[in-house]
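A short worksheet on the structure shown next.
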Ligand code: 2BA
């Protein structure tokens, strides 16, 4: 058995969960925060048999969009009396960041 951790955009999470459930996969949603943007995203946990792993990754990939997001980074420009100026930086976020780990033991009691 494998455990899939998929970090997706909040706006995609509902659709991804719906499709996974429709295909019979169990899924748990965790609210998470990215270290770089410091804004909310969603981490989905999916426990799955190895034979269905590709199907799960395919569903997540097909339903997670890539987006551009702008953050204000602070820089100290030369010659402006040491003032800190906000500087917009554009980054590409997602589709999805996916980790797959082995499950040593699985119990449902
Ligand atoms: P954040 O850490 O908020 O990162 C958002 C986006 O900012 C990233 O998108 C990436 O394009 C950019 N970014 C991240 N760190 C950067 C840096 N040091 N310099 C420049 N740009 C940077 P994604 O790569 O699609 O990642 C989306 C979210 O997935 C991340 O949100 C984080 O929550 C998670 N993630 C990504 N890689 C991870 C990893 N190796 N381990 C754990 N979580 C990860």
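Since every read-out is calculated from the coordinates, none of them should be taken as a lab result. What you see is a predicted model; the values in this text were computed from it and never measured. Here Cβ is always computed from backbone atoms with ideal geometry, including for glycine, and neighbour counts include all displayed protein chains.
Enumerate the residues in the range 1-31 having an amide nitrogen under 20 Å from the point lying 7 Å beyond the Cα of residue 108 toward its Cβ.
1-6, 17-30
Just need log10 I(q)/I(0) for the chain at q = 0.17 Å⁻¹, Debye formula, equal scatterers on the alpha-carbon atoms, no solvent, rounded to two decimals.
-0.80
Could you sort 57-68, 3-14, 89-100, 29-40 so that the peptide with the highest average Cβ count within 10 Å comes first and the rest follow in order?
Per-residue mean Cβ counts within 10 Å order the peptides as 3-14, 57-68, 89-100, 29-40.
Rounded to the nearest 500 deg cm²/dmol, what is the calculated helix-only ellipticity per residue at 222 nm for the chain, with -39500 (n - 2.57) per DSSP H run of length n ≥ 4? Present the calculation step by step, with values, prior to reporting the outcome.
Values: 2 runs with 23 residues, N = 109.
Estimated from H runs of four or more residues: -6500 deg cm²/dmol.
Can you tell me how much longer the chain between residue 101 and residue 33 gets when fully stretched, taken as 0.36 nm per residue apart minus their C-alpha distance, in nm with one decimal?
Numbers: separation 68, 0.36 × 68 = 24.48 nm, distance 2.07 nm.
Taking 0.36 nm per residue and subtracting the Cα distance, the gain is 22.4 nm.
Give me the distance in nm between label points sitting 7 Å out from Cα along the Cα-to-Cβ direction at residue 68 and residue 50, one decimal.
4.3
Let me have the relative contact order for the chain, percent, based on Cα pairs under 8 Å that are six or more residues apart.
On the way: 185 pairs, mean separation 38.1, N = 109.
It rounds to 35 percent for the chain.
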